[in-house]
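For reference, the structure is listed below as structure tokens.
The values are calculated or read from the model by the stated rules, or taken from the named source; none is laboratory data. These figures come from a predicted structure and were not determined experimentally. Cβ coordinates were reconstructed from backbone atoms using ideal geometry, including for glycine residues, and neighbour counts include every protein chain displayed.
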Amino acid sequence: MQVTIQNLMPDTKYRFRVVAHNGNGQGESSAALKVATQAEVQVSGPAPNLQAVSTSPTSVSLSWDKPLTGNGEMLTYKLYYTDKSYGDEQVRRRRRSGIQPLGY
């Protein structure tokens, strides 16, 4: 026998057991089986509160908050930027430990 239970919550632990019934009544319960649903695979949402301050003639300091959505810990952030002529886009990749979002 088989049944699929749908509309459960992702990344949640459940206990299941089966009890057979016949014309004479209820039988014994199976042992409870513990199982967790899979986590939803979700990429990060946008980094909110992006702010920039010019700190010298040749540098800009940026800050942002941690994205509100996404499964798991953020491992890296990539910062994309272009100059005023909108030429080729540059990218800077930083591991999470190298860049920390700052809140104001």
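A few remarks follow.
- Selection status of residue 43, assigned to a loop (DSSP other than H, G, I, E, B), aliphatic (A, V, I, L, M), out of contact with any Phe, Trp or Tyr (no Cβ under 9 Å at 6 or more places or on another chain) and under 30 Å from residue 74 (Cα atoms): yes
- Filter result for residue 49 (in a loop (DSSP other than H, G, I, E, B), out of contact with any strand residue (DSSP E or B) (no Cβ under 8 Å at 6 or more places or on another chain) and not charged (D, E, K, R)): no
- Of all the listed residues (7, 24), the sole one being at pLDDT 90 or above, at positive phi and over 15 Å from the mean Cα position of the chain (by Cα) is 7.
- Looking across the range 5-22, the residues that are surrounded by fewer than 10 Cβ atoms within 10 Å (Cβ to Cβ) and more than 20 Å from residue 41 (Cβ to Cβ) come down to 5, 15, 17, 19, 21, 22.
- Residue that is farthest from residue 10 (Cα to Cα) [pool: residues in the range 52-77 that are assigned to a strand (DSSP E or B) and either acidic (Asp, Glu) or in contact (Cβ under 8 Å) with a residue 24 or more places away in the chain (or both)]: 63
- Residue 34 vs. criteria modelled with pLDDT of 85 or more, exposed (fewer than 10 other Cβ atoms within 10 Å of the Cβ) and on the phi < 0 side of the Ramachandran plot: yes
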